[in-house]
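**Q** Below you'll find the structure I mean.
Taken together, the values in this text are just the output of simple stated rules run on the coordinates, not laboratory data. Fair warning: this is a prediction, and the values are worked out from it, not measured in the lab. Heads up, the Cβs are rebuilt from the backbone with ideal geometry, glycines too, and the neighbour counts pull from every protein chain shown.
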Amino acid sequence: MRARRRTTVLAASLALALAAAGPLAAAPVFAAPSARPASTLDEQALAAAVSGLPDADATAALVRVGGTDGTWRGSAGVHDLESGTAADPDGRFRAGSTTKVVTAAAVLRLAAEGKVDLDRSIQRYLPGLLGRQFRPVTVRQLLNHTSGIPAGDGLGETFEEVYAHRFDTLTPQQVAASAGAKQPEFCPGRKQHYLNINYTFLGLLIEKVTGRSYASEATRLVLAPAGMRDTYFPGTDPRILGPHNLGYQAVEKADGTTEFLDVTEWNQADRFAAGDMISTTADLERLLTALFKGRIVPEPQLREMFTVPADIPGAAYSAGLTRYELGGRVYWFKSGGRYGSSAAIAATRDLGRTLVYSVNSTDAKSEDANPVVGRIIMAALS
């Protein structure tokens, strides 16, 4: 009953916040002069993309656009629905699958050091996790989602099921073992299917070859060189430590009305190397810059992050990134979604344009595109 009373208050708070959307409309917290003509970045479109928050789609948005095209910073919405305090533009958030960029970079660093062979099978590194029904799966095939390993078991299929278990712990080892006991989806290297399980195995690989935890090695190999001081891996801790904006999930009640559940606290240990990172927009921008400039992963290993399988029709995933074309320009993109949080990073290979956003979306795991996210992408990358 306590949770239901809390969410009823949140729904009422959202209605009040929506009524007062004018004062909460987005305004840039920082705007640097563009290195090129001012028209290179459409600052009015960027401000409009995050205006009017909170609304039914999102309660807050933090945006950073950078690169040689120019710079724009913006934030909108509220820290939480109950107080209506303005969103913290420097707040931490669950970065979701952008974690995979860090994991891929860590594996490629280890490959550059001769500790990992991208063409060696994961069965040789982690014997016993995949059943005999699996053909050899290479590390490279895990990186670009061509392994054919099916998804592992979770703590439920519906939001209601996983929400009930949000403080429970499902270990990466359990997830990997459950996937390894199933039948392969396809022969390794024949198709491409984006699944978290590939990066669960890569996280376990990092631990096996280094003898240390994934969190410590990802920090040593990637976060520290990139200067990501506000980024960490919470493990089984359900909290977001430090300043952060609260996240909500819209849930339809039996009477047809909508509740907004506070989903900020959640044990994400099963996401592991595929999605258990907490970060900031500034830190993710540092990651993009350091990574694309070759400060983290040396050549030729870095080329893996900008190469999609040429022999698979429609392939779009490389090692940790996704090839995304808009307006005749190619971006390397990675999004991530956890309940209450949608995040993404994107950049051209030459860092002419970069984008980082965090949106406290109320439908982060929906298959439909979030309107606020869509507006940000179009305004920033078009």
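**Q** By how many degrees, between 0 and 90 and to the nearest 10, does the Cα long axis of helix 371-381 differ from the longest principal axis of the chain?
**A** The helix 371-381 is inclined about 70 degrees to the chain.
**Q** Can you compute the helix-only [θ] at 222 nm over the chain? Use -39500 (n - 2.57) per DSSP H run of at least 4 residues, normalise by all residues, nearest 500 deg cm²/dmol. List each step's numbers first, then the result.
**A** On the way: 13 runs with 113 residues, N = 382.
My calculation for the chain gives -8000 deg cm²/dmol from helical runs alone.
**Q** So if I restrict to the alpha-carbon atoms in the stretch 300-380, what is the Rg, and what is Dmax, the biggest pairwise distance, in Å?
**A** For the stretch 300-380, the Cα radius of gyration and maximum Cα-Cα distance read 13.6, 41 Å.
**Q** Please list, by residue number, everything in the stretch 286-304 whose backbone N is under 13 Å from a paramagnetic label point 7 Å out along Cα→Cβ of Arg220.
**A** Within reach of a label on Arg220: no residues.
**Q** With springs only between Cα atoms under 10 Å apart, run a GNM on the chain and tell me which of Leu155, Leu118, Leu287 wobbles the most.
**A** It is Leu155.
**Q** Please list 97-109, 246-258, 157-169 highest first by mean number of surrounding beta-carbon atoms within 10 Å per residue.
**A** Numbers: 97-109: 27.5, 246-258: 15.1, 157-169: 12.8.
Taking the mean over residues of other Cβ atoms within 10 Å, the ranking is 97-109, 246-258, 157-169.
**Q** For the stretch 136-224, what number results from the quotient of the Cα radius of gyration and 2.2 N^0.38 Å?
**A** Values: Rg = 14.5 Å, N = 89, 2.2 N^0.38 = 12.1 Å.
The value comes to 1.19.
**Q** Over 26 Å between Cα atoms: which of Lys100/Lys208; Lys191/Lys293; Lys191/Lys334; Lys100/Lys293 fall into that group? Show your work: numbers first, answer last.
**A** Values: Lys100/Lys208 18 Å; Lys191/Lys293 30 Å; Lys191/Lys334 20 Å; Lys100/Lys293 18 Å.
Checking Cα-Cα distances, Lys191/Lys293 exceed 26 Å.
**Q** Mean separation of Cα pairs under 8 Å and 6+ residues apart, divided by the residue count of the stretch 120-242: what relative contact order is that in percent? Before the final figure, lay out each step's value.
**A** Values: 144 pairs, mean separation 35.2, N = 123.
Once normalised by length, the contact order is 29 percent.
**Q** Please list 325-334, 370-379 highest first by mean number of surrounding beta-carbon atoms within 10 Å per residue.
**A** 370-379, 325-334
**Q** Note the angle between two axes, namely the Cα long axis of helix 99-112 and the longest principal axis of the Cα atoms of the chain, as a number of degrees from 0 to 90, rounded to the nearest 10.
**A** On a 0 to 90 degree scale, this one is about 30.
**Q** Pop a pseudo-label 7 angstrom from the Cα along the beta-carbon direction at both Lys293 and Glu161 and give the gap in nm to one decimal.
**A** According to this spin-label approximation, the distance is 4.6 nm.
**Q** How high is the FRET efficiency between Lys115 and Phe186 when r is their beta carbon distance and R₀ equals 35 Å, given to the nearest 0.05? Write out the running numbers ahead of the final one.
**A** On the way: r = 29 Å, r/R0 = 0.83.
After rounding to 0.05, the efficiency reads 0.75.
**Q** If you don't mind, there's one more thing I want to ask. Please list the radius of gyration and Dmax for the stretch 49-106, considering alpha-carbon atoms only, with Å as the unit.
**A** Calculated on Cα positions, Rg and Dmax stand at 14.1, 40 Å.
**Q** Which of Pro300, Ala290, Ile278 sits farthest toward the positive end of the charge dipole of the stretch 240-366, with +1 on the Cβ of Lys and Arg and -1 on the Cβ of Asp and Glu?
**A** Pro300
**Q** Mind checking the log10 I(q)/I(0) for the stretch 204-304 at q = 0.17, 0.25 Å⁻¹? Debye, one equal scatterer per Cα, no solvent, two decimals.
**A** At q = 0.17, 0.25 Å⁻¹ the computed log10 ratios are -0.89, -1.37.
**Q** Hey, what angle do you get for helix 2-19 against the long axis of the chain, alpha-carbon based, 0 to 90 degrees rounded to 10?
**A** Computed tilt is about 60 degrees.
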